[in-house]
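Okay, structure first, notes after.
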Amino acid sequence: MRVEDLVYFCAPARLVMGAGCRAQLPALLHRLGYRRGLVVTDTFFTGATPWVDELVAGARAHDVELLVYDGGMPDPTTTLCDAATAAVRERLGGLPVDHVIALGGGSNIDLAKALCLTLPGGRPVRAFLGRIDAGTPILPLIAMPTTAGTGSEATPGAILVDPDNATKVAVMDNRLRPGVALVDPEFTYTCPPRVTADAGIDALTHAIESYLTLDSARFDRGGDPDPGYSGRNALTMLFAHESIRLCGRYLLRSYRDGSDTEARIGMSYASVYAALSYGSAGLNAVHGIAYAVAGLTHLSHGTTNAVMLPYVLDVLADVRREELLAIARLLDIAESDPDIAVARVPGAVRELVAAVGLPTTLQACGVGQGDIDALVRDALGVARLAKAFPVPDVPARYAAIVRNAWAGTLPAEAQTRAHPRRVA
Ligand SMILES: NC(=O)c1ccc[n+]([C@@H]2O[C@H](COP(=O)([O-])OP(=O)(O)OC[C@H]3O[C@@H](n4cnc5c(N)ncnc54)[C@H](O)[C@@H]3O)[C@@H](O)[C@H]2O)c1
């Protein structure tokens, strides 16, 4: 508890977790009163796993009919969403569905969230960008993540790519949070190393970024009576703390050996706990700059987060010293001097990024030195993230972060190496 906290905590109404827990879903669907639903997934799951067939058969045995749409794609576009809306509505022939089930990574979950909005009325998803009208019907969503991960099973938004200008847009509303998040770590056992690394770094970024973000008491909710994000508080920090510990213990293990079930289960929990933190606290500079980098390079969400995370941490030692020390301890940084331990966090995170095969500089992502100013400008343009960065001069720090990330320099860490006692 912190006396100054202003808690606005939102989470899925039901969180079902544990290896093999997917077997519980058919009976739960019946108990919740559902009778006809839509499963949103992609061809990997219909073609290479038995999970979709098992779900459909199990549901039928409980009087629930499920229609399957397996046209999900990585980083879904608004165009894909509108095509899916039309295809599903045609197959339904006017019959309503009373729920949607997402099976897949963040991409399929986000597509399913968007369909919860568009299926009832058939309108294009762009009609729902910005504030969603209170009277808009939204179908209930059950999310089953197969990566560990994005945490989309616990967040209020769907991220879509706008193909007109290659930027990411969001549909966002607390009513889009899944009513049921069913997290069966066995779903992640088939993730290839590249997907494991991307998703795992995404989870670590969510945990660290929300652990360090602006306090709830200082967060500007913009007058929203039902904010999706509202700054960190002691409750969100509990989840973030445990998520960072689990990522420190299991991320590299799950990448190096996908059959390490303890590591897979650990990362599934890490991902959900990170989402229970950032899903209310919100995010800031890593994601804000990463979106701009993704717009330029078209690299994946996890990769662009991974490259920025160490450089953002390096400029936070003056405002988040205690928290960085806690992170140093959680990541087992073997250094008894607290100042040196704090300064070593960015480098340790960068080593982890490199160890899972992801780039550690913007140069290595193909960004030119001439792109730096535009990247800073575009990142600052994501105002909802920039305003939550807990530093006095956000534009100056964003500029320093991008310059450092381009060149691969960690000035705070370098300074401590040279003068161990000088870092505050
Ligand atoms: N809404 C949110 O809160 C939120 C948060 C973070 C990220 N995202 C979005 O999530 C997306 C990234 O999601 P992701 O990292 O989970 O990857 P993904 O969903 O894009 O999947 C990547 C690939 O991995 C495959 N895959 C997924 N699970 C698998 C499994 N168990 N076995 C084998 N293959 C598997 C998929 O079929 C796909 O081809 C991005 O579009 C990002 O914008 C959303």
Q) Can you spot a residue in the range 379-395 that is closer than 27 Å to Ala281 by Cα, out of contact with any strand residue (DSSP E or B) (no Cβ under 8 Å at 6 or more places or on another chain), part of a helix (DSSP H, G or I) and of a type in the set (Val, Ile, Thr)? A) yes
Q.
Contact list please: Cβ distance under 8 Å, first residue in the range 185-200 and open to solvent by less than 60 Å² (accessible area, probe 1.4 Å), second residue assigned to a helix (DSSP H, G or I) and near the ligand (Cβ under 7 Å from one of its atoms), pairs at least six apart or on different chains.
A. Cys191/Ala199; Thr196/Thr188; Ala197/Gly302; Asp198/His301; Asp198/Gly302; Ala199/Gly106; Ala199/Gly302; Gly200/Gly302
**Q.** helices (runs of 4 or more DSSP H) (entirely within the range 42-127) containing at least 3 residues that are buried (at least 24 other Cβ atoms within 10 Å of the Cβ)
**A.** 106-118
Q) Which ones in the range 358-370 are open to solvent by less than 50 Å² (accessible area, probe 1.4 Å), touching a residue at least 12 places away in the same chain (Cβ under 8 Å) and over 25 Å from Arg329 (Cβ atoms)? A) Pro359, Thr361, Leu362, Cys365, Val367
Q. Any idea which of (1) at positive phi; (2) in the same structural domain as Ser230 (by TED's automatic domain parsing) is the one Thr205 doesn't satisfy?
A. (1)
Q.
Go through the range 354-378 and report how many residues are part of a helix (DSSP H, G or I) and of a type in the set (Gly, Ala, Ser).
A. 5
Q) If Glu351 passes every condition in (1) assigned to a helix (DSSP H, G or I); (2) over 22 Å from Gln369 (Cα atoms); (3) touching a Pro at 6+ places or on another chain (Cβ under 7 Å) but one, which one does it miss? A) (3)
Q: Kindly indicate whether any position in the range 163-171 is within 14 Å of the ligand (Cβ to nearest atom), assigned to a helix (DSSP H, G or I) and either touching a residue at least 60 places away in the same chain (Cβ under 8 Å) or on the phi < 0 side of the Ramachandran plot (or both).
A: no
Q: Name the residue, out of Ile138, Ile142, that is in the same structural domain as Ala19 (by TED's automatic domain parsing), away from the ligand (no atom under 14 Å from the Cβ), within 22 Å of Arg35 (Cα to Cα) and surrounded by 24 or more Cβ atoms within 10 Å (Cβ to Cβ).
A: Ile142
Q. Going through the range 294-316 one residue at a time, which ones are modelled with pLDDT of 95 or more and of a type in the set (A, V, I, L, M)?
A. Ala306, Val307, Met308, Leu309, Val312, Leu313, Val315, Leu316
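The values are calculated or read from the model by the stated rules, or taken from the named source; none is laboratory data. Just so you know, these numbers come straight off a predicted model, no measurement behind them. Cβ sites come from the backbone with ideal geometry, for glycine too, and all protein chains shown count toward neighbours. Side chains included, ligands, DNA and RNA excluded: accessible areas come from the protein's heavy atoms. Shrake-Rupley method; radii C 1.70, N 1.55, O 1.52, S 1.80 Å.
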